[in-house]
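Right, one structure below, let's go through it.
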Amino acid sequence: MSFTGSAPVVRIISLEFRRGRARRMVSKMRFRNALGSRPFQCCSRENHTYVRKLLDRVSERSKLLKKVSVLVGYSNPQDLVEKQRAPGESSAELISALKEIDFPEITAKFPCIKVGDASPVELYEDSTNMKFKEAALSEKLTNFIQGSARNLESAYEFHNDCHPLNQTPTTAGDLSISEEIPLIEPIVDTKSPESLSDAITSDNSILDKSIRCLPGTTSRQYRQLEDGGFHTVRKLLQHFPRTYADLQNPQGPIEYGQYIMLSGTVISSRGIKVKSTLGLLEVVVGCSIIESELSSSVESSHSGAEQKRIHLHLNRFFSGARFSSQHFLNLMSAKHKEGDLVYVSGKIKKVLANGHYELKEYTIDAIEGEGEHSTMLARKPHPIYPSKAGLKPSLLGLSISRALKILSPDVDPVPPDVLVEFNLPNLFDAYMGIHKPKDRSEADFARRRLIFDDFFYLQLGRLFQMLEAVGTRVEKEELLYKCKSHELNTVGVDDWSPLTKKLLRALPYWLTPSQLDAVQEIIWDLRRPVPMNRLLQGDVGCGKTIVAFLACMEVVNSGFQAAFMVPTEVLAVQHYEHLTSLLEKFDGDEKPNIALLTGSTSTRESRIIRDGLKTGEIGMVIGTHCLIADKTEFSALRISVIDEQQRFGVVQRGRFNSKLYTSSSKLSGENTSSDEASDSETFMAPHVLAMSATPIPRTLALALYGDMSLTQITDLPPGRQPIKTLALEGNDVGFEAVFQMMRDELIDGGKVYLVYPIIDESEHLPQLRAATAGFDSIKQKFEGYPCGLLHGRMRSDEKEETLNSFRSGETRILLSTQVIEIGVDVPDASMMVVMNAERFGISQLHQLRGRVGRGERKSRCIFLASTSSTLPRLKVLEKSSDGFYLANADLLLRGPGNLLGKKQSGHLPEFPIARLEVDGGILQEAHLAALKVLVASNDLALYPRLKVELSMRQPLCILGD
Ligand SMILES: Nc1ncnc2c1ncn2[C@@H]1O[C@H](COP(=O)(O)OP(=O)(O)OP(=O)(O)O)[C@@H](O)[C@H]1O
């Protein structure tokens, strides 16, 4: 603990021992051995509540110092100084003994010892009383105090006590040493006093104030909050509601398995002893709901809907003699009294009778506060906080409200022009909006800002580091260039290489506007002397492949090489055949040399291909992960395309980067245009173009960390017809209807995919339909229409043959497992039936559905559900064919309780509230905003508050997979 006044006074190292005398003694001994017995005096009290009480209650601070000195074993402050000094030893010697202690080493040796900084205790409340208070101390003591403080400052590089960065207390361990070593190295520009003082006095420092500044909080609450990790106002405010509830929150018709969240009143709460060792607590909550159609968004219209009264039964069993005693059950049931207002969330476990539902995985939170009822009636969303570290949501909610009260409107370090440009609320409004929204749109708007911050500071930190430390002139220019214009940096068609233009002309269609934009943007990147790292994202069937082919032609034309890596052999063959068919019209000498390399390529052939790649004879290779094998060497690899990139591991993707081209002497292209290799380029890593239809979190995280740029294809090729989607129950009636539809489709000349969840029937999963078993029965049923069977256990050539037969129309029905999910392109396939569709994720079903409707033929897709209860989830696919919407809907259906705050599959620890599947746009904006700020001020000298904020954020760390 350190004591400070207007001048630093003295620092006392306090040791806190918890749990057991023996342990305390051992800790004490070890600690003394580590530090030397002097100059520390251990306080032998097991529990320091006395110290805490002192800190909380003693208003006369000079009295405090006296009491503390007595507490740690001295009669008064003078005695403390005298006794600490060995006979004949000067205070300077004492201080130098202190200096020798190597705290980092000690903490490494004894993990139970934690070094951190504690909140300084102000000795003097105000400066007017200063002189009087100071006089109360002896001259000797004052000298010692001032001297020691100065020495300690230099010895441990203490920061100025009033610096906000020094006020983050550490968590107490078994034994804690309060010491003022900063946890994060600040990047405050100390050379600029103006900036520093500005930063320190600015109101964003309130965020990093100890929670002890919260009004109306008891010391017990402080302690609870601190033990739960809530040391600062910022920590509290960053604890976001996991969801919002309002009185009449319509969820559509309530069905089995559905997640609901409602508010209501407790009708009864009783504890029943079921057996001698089994007890049941049953709470019944009555709620009013408005029944309406399943809303397509979180917000829904209430018009034309009917109010209905329902009862939620929340049952909890307790086993064991102790927990099934009537006394215990009575205690539990007394927690909820009849008439209490509560919020309930959970999943419907059983529909007991009309209007009565049993819930599972539920939570029940009491609604506290007088005016709450009227608030709810006004349909103001009520934040529901997740509990953390055993802290009750109600305490967290209350503390957050208190923190909001001391927040100043001037808390935002982000420059106002950035807020205006990117249409963001300021930070004050954002915190108010997320914790106390007037309506859901305000919460959404606030959420946008907070997500922006997550991305923005990450981008800013990363770019700042790049500029500061490793930034070359070229990189700096690159950043500046990008920042200057918000429009796409593109190379127009006229400036494309002759080979690229030729391929464009060979296409049987014209590119869609966003395909064209994408190619122009990528070619612009390819002409840069720094490696591109770009993600091409577009919904299934939007035509990403041709965009990548054109990019490959651009580099091949310049005499460099292109590698196109796909996750399956089927896809490699498909792409290879597609490209070679497009190049067929080219004259011999202008036709680039393209190769196919997969695991099934014969040894002899693969040797020839690898030789060709090494010598530069082969310009482009399409293949599976053989492309990144050590033995595959390139002469001048310039672009690596990674299709369906989420299917590859990070390491696999990274291995392309190690394939630097080592020789440029073999360059054969006649037109090297702006790509002419300079010295710096000779060993440049290849450009990387990753493609994905699924905006999975990891992908977008890479967009941040890997400095990956994002290109999105937002339109579909013309003439595409919407796929008519139906979700049906797979009972006899459902199957009969499906077979009839198949017959109609086949008569009409269509082709049908039948997708099965498993290859062979399984005893363990009798309810699942298998592809091999289906094959025989479908053949019989659809006599005259040849059938094919495709699954992952087949040999590569068999798969290829089956797929080719289906493509050519030789077979009209293809029974398959989900192997066709990735990239299979049969443009005239017009119908798909998915068996046991509930076994697949919504996004996966969307991908599967994307295998039909890839041409101009009207298509349909039927999802057969095993039971009616799983139909609602599948019906979401009937309503939309937008991948982003479906990713969102999937999350909602899995449980809107996970909307905010709580981690889920789509979350990364660094982004507590961003859902990366749907927040990609904000990421892009944050990137631009960070660039804008850095262009205006490379070292952030113009934005000192921003710089302080950046230093307060967690240091960047590598993301886990
Ligand atoms: N501009 C266009 N006009 C007409 N057809 C197009 C156009 N672009 C691509 N296509 C065709 O659309 C089909 C789907 O294209 P492609 O396979 O590239 O999609 P994709 O984006 O890779 O989809 P997936 O994610 O499903 O693999 C192909 O048959 C392709 O020839």
Study note, to complete from the structure: Within the range 535-553, the count of residues that are more than 12 Å from the ligand (Cβ to nearest atom) and either at pLDDT below 90 or open to solvent by 10 Å² or more (accessible area, probe 1.4 Å) (or both) comes to 1
Check your understanding: So, of the residues in the range 745-758 that are in a strand (DSSP E or B) and either farther than 22 Å from P827 by Cβ or among the basic types (K, R) (or both), which turns out to be most open to solvent (accessible area, probe 1.4 Å)?
Key -> I758
**Study point:** Of residues in the range 695-714 being at pLDDT 80 or above and not in a loop (DSSP other than H, G, I, E, B), the one nearest to the ligand (Cβ to nearest atom)
**Key:** I713
Exercise for review: Please state which one of V530, V556, V491 is under 22 Å from A690 (Cβ atoms), open to solvent by 10 Å² or more (accessible area, probe 1.4 Å), modelled with pLDDT of 90 or more and away from the ligand (no atom under 15 Å from the Cβ).
Suggested key: V556
**Study point:** Criterion: of a type outside the set (S, T, Y), modelled with pLDDT under 80 and not assigned by the TED database to the domain that holds G730 - qualifying residue of E910, E949, E925
**Key:** E910
Revision key, fill the gap. Restricting attention to the range 715-734, the residues that are surrounded by 14 or more Cβ atoms within 10 Å (Cβ to Cβ) and within 12 Å of the ligand (Cβ to nearest atom) number exactly 4
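The values are calculated or read from the model by the stated rules, or taken from the named source; none is laboratory data. In this text, all values refer to a predicted model and were calculated from it rather than measured experimentally. Ideal geometry is used to build each Cβ from the backbone, glycine not excepted, and the neighbour counts take in all protein chains shown. Areas reflect the complete protein model, heavy atoms only, side chains present, ligands, DNA and RNA absent. Shrake-Rupley method; radii C 1.70, N 1.55, O 1.52, S 1.80 Å.
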